[in-house]
Amino acid sequence: MKRFFLFLPLVVAVVLGVVLFAGIGKDPTKLESALLGQPVPAFSLEDLDNPGQQLDASLFQGQVQLLNVWGTWCPACRDEHDDLMWLAREQGVSIVGLNYKDNRDDALVWLDRLGDPYSTNIYDPQGRLGFDLGVYGAPETFVIDAQGVVRYRHVGVVNKKVWQDTLLPVINQVRE
């Protein structure tokens, strides 16, 4: 029995090494989503700007849009904010915000101070819609087609390079 305990650290190290080796080379921004090809999950949540006004999945009907998951507690969300402003103002991209696990007052101050790139903002303080979307954290951005179907998921910051290299080609393909 004492010999077993002598080899236990070696066994643990080998198992840990195999697990870590399996993750080498994988892109963490390419997390698979079970929702690809599926409609945005049904929800009924308040509009961030208009408490009491309920929003639902019909919000995603009629045009291709981005759904951007963000929170004031998220440093990376601050990093991408200027690029989202650029997308909305200069590129004419319709972006729906999902204010995820946040405080309404903090979020409103944030948008007032930094600008509001969102056509609409869904307020999800408990993270229910985020959970249904399979959100790991913020920021995450989804491409939603004109029928309300999730076509793509990007984990991480959206910047001009991500827009040009990844999101714009997906949107152009969805529009065809």
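Within segment 70-85, the set of residues being surrounded by 17 or more Cβ atoms within 10 Å (Cβ to Cβ), part of a loop (DSSP other than H, G, I, E, B) and of a type in the set (A, V, I, L, M, F, W, C) comprises CYS74 only.
Yes/no matrix, rows are residues, columns are (1) among the charged types (D, E, K, R); (2) crowded, with 17+ Cβ neighbours inside 10 Å; (3) touching a strand residue (DSSP E or B) at 6+ places or on another chain (Cβ under 6 Å):
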position: ASN103; (1), (2), (3): no, no, no
position: TYR118; (1), (2), (3): no, yes, yes
position: TYR123; (1), (2), (3): no, yes, yes
position: ASP132; (1), (2), (3): yes, no, no
position: GLY137; (1), (2), (3): no, no, no
position: THR141; (1), (2), (3): no, yes, yes
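Inside segment 112-138, residues that are aliphatic (A, V, I, L, M), in contact (Cβ under 8 Å) with a residue 40 or more places away in the chain and assigned to a helix (DSSP H, G or I) make up a count of 2. The requirement of being in contact (Cβ under 8 Å) with a residue 40 or more places away in the chain, within 18 Å of ASP47 (Cβ to Cβ) and either open to solvent by less than 40 Å² (accessible area, probe 1.4 Å) or assigned to a helix (DSSP H, G or I) (or both) is fulfilled somewhere in segment 147-158, by at least one residue.
Summed over segment 91-121, residues that are aromatic (Phe, Trp, Tyr) and over 20 Å from PHE131 (Cβ atoms) total 2. All conditions but one from (1) at pLDDT 65 or above; (2) among the basic types (Lys, Arg); (3) under 19 Å from the mean Cα position of the chain (by Cα) apply to LYS30; the one that does not is (1).
The values are calculated or read from the model by the stated rules, or taken from the named source; none is laboratory data. As the structure is a prediction and not an experimental result, all values here were calculated from the model. In this analysis, Cβ positions are derived from the backbone assuming ideal geometry, glycine residues included, and neighbour counts consider all displayed protein chains. The area values use the complete protein model at the heavy-atom level, side chains included, leaving out ligands, DNA and RNA. Shrake-Rupley method; radii C 1.70, N 1.55, O 1.52, S 1.80 Å.
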